[in-house]
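The structure appears right after this line, and notes come after that.
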Amino acid sequence: MTRIRRETAAPDALRRLQEGNERYSKNLRSVDSMMSHNRLDLLETPQRPVAIIVGCSDARAPAETVFDQGLGDLFVIRVAGNIVAPSQIGSVEFAAERFGTRLVVVMGHTRCGAIDAAIEAIRGESDAGSRNLASIVDRVRPAIDSVVRGSTADLDTIRRAALRANVVASVTGLRNGSDIIHRLASEDGLVIVGADLDLTTGVVDFFHGV
């Protein structure tokens, strides 16, 4: 696999992630990604990440592994519930402007604790437990309230719908929360897409903005 050193067009970057995820879901790894972690010369060259990933902190969803990418290939921002707050927006701005990265992926995942906590809060089944945890739940709740409140579907269906609604809200937050991101998307080829990772199969589905 050829390592990309310079700015990569969003469709090419997306294709690369899809190919990497296909390998991961089949329990395969590219030699290039494995060997990159032993290459100290990468630390002496400028970053050229092929994609920016806004993902969840869940230990079972590491983006570099899920997309079978090597050291320096991804600029990863991880926070519980893959929420978008000012610090996440600023991090995306930084990577997109500084490194010329033109693909941003917001990736949620199944069995997400932040989604479950928000569902329980909406249903009145529990509270967040602390002010800091509540700040995460409070960012998730508005995005998923309409798919949770009053739903008669089974819990797994509600969780999947809530997961996707939260991803879409984060994508929208990135698009509308920054003049820099808006300009790059309008004039310079920046693309923001939403995806979800099925922890059972390892498959990432790019379902929004593709």
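Some notes on this structure:
- Of the residues making up the stretch 148-166, those that are in contact with a helix residue (DSSP H, G or I) (Cβ under 7 Å, 6 or more places away or on another chain) and at pLDDT 95 or above are 148, 158, 159, 161, 162, 163, 165, 166.
- Test: residue in the stretch 33-47 that is basic (Lys, Arg) and either in a strand (DSSP E or B) or at pLDDT below 90 (or both): yes
- Unmet criterion (only one of (1) more than 18 Å from residue 175 (Cβ to Cβ); (2) in a helix (DSSP H, G or I); (3) not aliphatic (A, V, I, L, M)) for residue 88: (1)
- Count of the stretch 74-102 residues, restricted to those that are out of contact with any strand residue (DSSP E or B) (no Cβ under 9 Å at 6 or more places or on another chain) and either crowded, with 24+ Cβ neighbours inside 10 Å or of a type in the set (Asp, Glu) (or both), is 2.
- Every residue from the stretch 59-73 that is surrounded by fewer than 24 Cβ atoms within 10 Å (Cβ to Cβ), among the aliphatic types (A, V, I, L, M) and at pLDDT 95 or above: 59, 61
- A single entry from 100, 129 fulfils the requirement of being under 30 Å from residue 31 (Cα atoms) and either out of contact with any helix residue (DSSP H, G or I) (no Cβ under 8 Å at 6 or more places or on another chain) or modelled with pLDDT under 95 (or both): 100.
- Selection status of residue 81, among the small types (Gly, Ala, Ser), in contact with a helix residue (DSSP H, G or I) (Cβ under 8 Å, 6 or more places away or on another chain), within 22 Å of residue 114 (Cβ to Cβ) and not in a loop (DSSP other than H, G, I, E, B): yes
- For the stretch 175-208, a residue qualifies if it is touching a Phe, Trp or Tyr at 6+ places or on another chain (Cβ under 8 Å) and surrounded by fewer than 22 Cβ atoms within 10 Å (Cβ to Cβ), and the qualifying residues are 193, 202.
- Residue pairs whose Cβ atoms lie under 6 Å apart, separated by 6 or more positions or on different chains, with the first residue in the stretch 141-163 and in contact (Cβ under 8 Å) with a residue 12 or more places away in the chain and the second acidic (Asp, Glu), are 163/196.
- For the stretch 152-174, the set of residues classified as among the hydroxyl-bearing types (Ser, Thr, Tyr) and surrounded by fewer than 20 Cβ atoms within 10 Å (Cβ to Cβ) consists of 152, 157, 172, listed by residue number.
- Taken over the stretch 119-133, the criterion of being without any contact (Cβ under 8 Å) to a residue 24 or more places away in the chain, more than 21 Å from the chain's Cα centre (by Cα) and part of a helix (DSSP H, G or I) is satisfied by 120, 121, 131, 132.
The values are calculated or read from the model by the stated rules, or taken from the named source; none is laboratory data. Because the structure is a prediction, the values reported are computed rather than measured. Neighbour counts run over all protein chains shown; Cβ positions are idealised from the backbone, glycine included.
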